1. Regarding T482, is this residue among the polar types (S, T, N, Q) and over 25 Å from P141 (Cβ atoms)?
2. Would you point out which residue out of R203, R181 is in contact with a strand residue (DSSP E or B) (Cβ under 7 Å, 6 or more places away or on another chain) and not assigned by TED's automatic domain parsing to the domain that holds V69?
3. A344 is checked against (1) modelled with pLDDT of 95 or more; (2) within 30 Å of G309 (Cβ to Cβ) and fails just one. What number does that condition carry?
4. So A502 fits all but one of (1) of a type in the set (G, A, S); (2) touching a residue at least 12 places away in the same chain (Cβ under 8 Å); (3) open to solvent by 40 Å² or more (accessible area, probe 1.4 Å); what number is the exception?
5. With respect to the numbered conditions (1) exposed (fewer than 13 other Cβ atoms within 10 Å of the Cβ); (2) among the acidic types (D, E); (3) within 16 Å of the ligand (Cβ to nearest atom), which one is the sole condition not fulfilled by D431?
6. List the number of the failed condition for W374; all other conditions in (1) in a helix (DSSP H, G or I); (2) more than 15 Å from the ligand (Cβ to nearest atom) hold.
7. Is it the case, given these coordinates, that G407 is within 11 Å of the ligand (Cβ to nearest atom), of a type outside the set (A, V, I, L, M, F, W, C) and touching a Pro at 6+ places or on another chain (Cβ under 7 Å)?
Amino acid sequence: MTHLIKPYGGVLKELYVPAAEATQIKAQSRNYPSWDLTPRQICDLELLLNGSFSPLTGFLNQADYDRVVAEMRLSDGTLWPIPITLDVSEQFASQIVSGERLALRDPEGVPIAVLEIGDIWRPDTRHEASQVLGTTDKRHPGAFYLLRRSHPVYIGGRVLGLEPPTHYDFPHLRNSPRELRERFGKLGWQRVIAFQTRNPMHRAHQALTLRAAQQAEANLLIHPAVGSVKPGDNSHYSRVRCYEHILQSYPEQTATLSLLNMAMRLAGPREALWHALIRQNHGCSHFIIGPNHAGPNQDQFGRTFYEPGEAQELASRYQGELSIQILSMPQMVYVRERAQYVPADERQPNETPLRLTETEFQRRLREELEIPEWFSHPEIIAELRRIHPPRRRQGFTVFFTGLSGSGKSTIANALMVKLLELGGRAVTLLDGDLVRKHLSSELGFSREHRNLNILRIGFVASEITKNGGIAICAPIAPYAATRRDVRDMIEPLGGFIEVHVATPLDICEGRDRKGLYAKARAGEIKEFTGISDPYEAPVNPELTLDTHDCTPGEAAQRVLLTLDSLGYIRGGTW
Ligand code: PPS
């Protein structure tokens, strides 16, 4: 049963069924087909269940999806800018039937909800990406997710909530829309401005929120998105500690903090409108949108996917259909002469703006350089320094790739010895043969098995990297997409240095130390890399080694020089 409550005018649609019914459905759900939710799906489901996505009653069916993609409306005309969909594999989709029920389980296997299966269809995700995100460029994280990560079949249908997903982290800061509405009511807060963020807050953000609060004569809800979109993603812990710090420096009783388990799409303008609707459901009266709201970060050339102001413009265009007031806020700059932040367009020509770009801030963290106090509170800088140690204290993975017989293992061994000689970090060698013996003994050399093998290596290396160690991997790893997956797994946790051991096939075959090439030529070994199976050479590795003109020791030395120039090791005696 859907509960309808009306604390502040806006209808809140919560999708939990009453407890007794939930117990009954849980028991029955043992006989339903079941789907293990991905991290993004758990976020979406939680927000569906607790009413953050009111008026949605489940995952979108096809007619709603089509109209949301095309014109940001559900099929009944209600404004809704982002498709909330349940994506599943082809294989899974072939086992389910519309009209039946499906149990939706969390990673521990607990059924959180049941889906009454409606439409089952294969979406055109390229079309979805270009309409919703404005791009099919895979450098856009939302487009990458949709085109590379998302499953190919969507299932729509009404959702019956059985229990909220469990959060052991920061339970005191997690609130449903109903709880926040009640809190505002208790505090007597009639006007509440929501501030959405996915980054740590610095003084500019604080100045912006204080200015908005003054303008609107309202209280403030700091409402960061903390939904993880990748397994093992734990980047929000330190961010939340930063929010707790900054909250202390707001005037008493003016601001509050709550975490929103939202998986962002980074859809810029459409996302801004979506954020506003979600905050409307949480009982807020105003919503701050900055010039570059919810787009991906700038690339290395300073380019963005959306124009400054685009998000503000779109959200304001739909103001008439919203019960929340959009506050389009300007960029704030620190003015040296006034020792304060002012809107960029209010700075006088004779005044000096001080700026620290995100890239420069990251560089200073990385290189342990001074970060000025006008930029951020000391507690926040200290917190960020803790989780962004300089590269020489981070873990990293050196990932060798190349043909069989190219010399990967020999160079990897030489490198391990040299790194042990330098000391300071634990070193683990994940050589191809060793891994195949201990981690992947049941696997063969089909594309599927090779991918599994490399992803296992990547997983172990990512754990080592996360914990500050050095992983040296030396498999063939013939497929570019799988190497990319490993890079994506490791880069958020530390360094990833891909080294292509580019010894040409004729030389590897000439060496044929294990006699495998001869067997492959004779057809005795199938799917042999370079002979009867492809090797996709890296396009942009950190280092390419041609073993023609150097010994293994010299090659290892070149890897060390690369590590040094990237800042991962320093002051070595080699
Ligand atoms: S992969 O593709 O990355 O999973 O391969 P990897 O785990 O590195 O294993 C490669 C070693 O297995 C031996 N071998 C083969 N290699 C390629 N193709 C086929 N079909 C094959 N069958 C056995 C080979 O000795 C490789 O060792 P290295 O050290 O690379 O020479």
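1. So T482 does not fit the description; no.
2. On the way: R181 fails: in contact with a strand residue (DSSP E or B) (Cβ under 7 Å, 6 or more places away or on another chain).
Only one candidate qualifies: R203.
3. Every listed condition holds for A344 apart from (1).
4. Status for A502: all satisfied but (3).
5. Result: D431 passes all but (1).
6. For W374, the exception is condition (1).
7. So G407 passes the test.
Rundown of residues vs (1) within 24 Å of the chain's Cα centre (by Cα); (2) of a type in the set (A, V, I, L, M, F, W, C); (3) farther than 15 Å from N199 by Cα; (4) in a helix (DSSP H, G or I), yes/no style:
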| site | (1), (2), (3), (4) |
| --- | --- |
| S238 | yes, no, no, yes |
| E271 | yes, no, yes, yes |
| F301 | yes, yes, yes, no |
| E307 | yes, no, yes, no |
| A311 | yes, yes, yes, yes |
| L327 | no, yes, yes, no |
| P330 | no, no, yes, no |
| V333 | no, yes, yes, no |
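The values are calculated or read from the model by the stated rules, or taken from the named source; none is laboratory data. Just so we're clear, the structure is a prediction, and the values are computed from it rather than from any experiment. We place every Cβ from the backbone using ideal geometry, glycine too, and count neighbours over all the protein chains shown. For accessibility, only protein heavy atoms count, side chains too; no ligands or nucleic acids. Shrake-Rupley method; radii C 1.70, N 1.55, O 1.52, S 1.80 Å.
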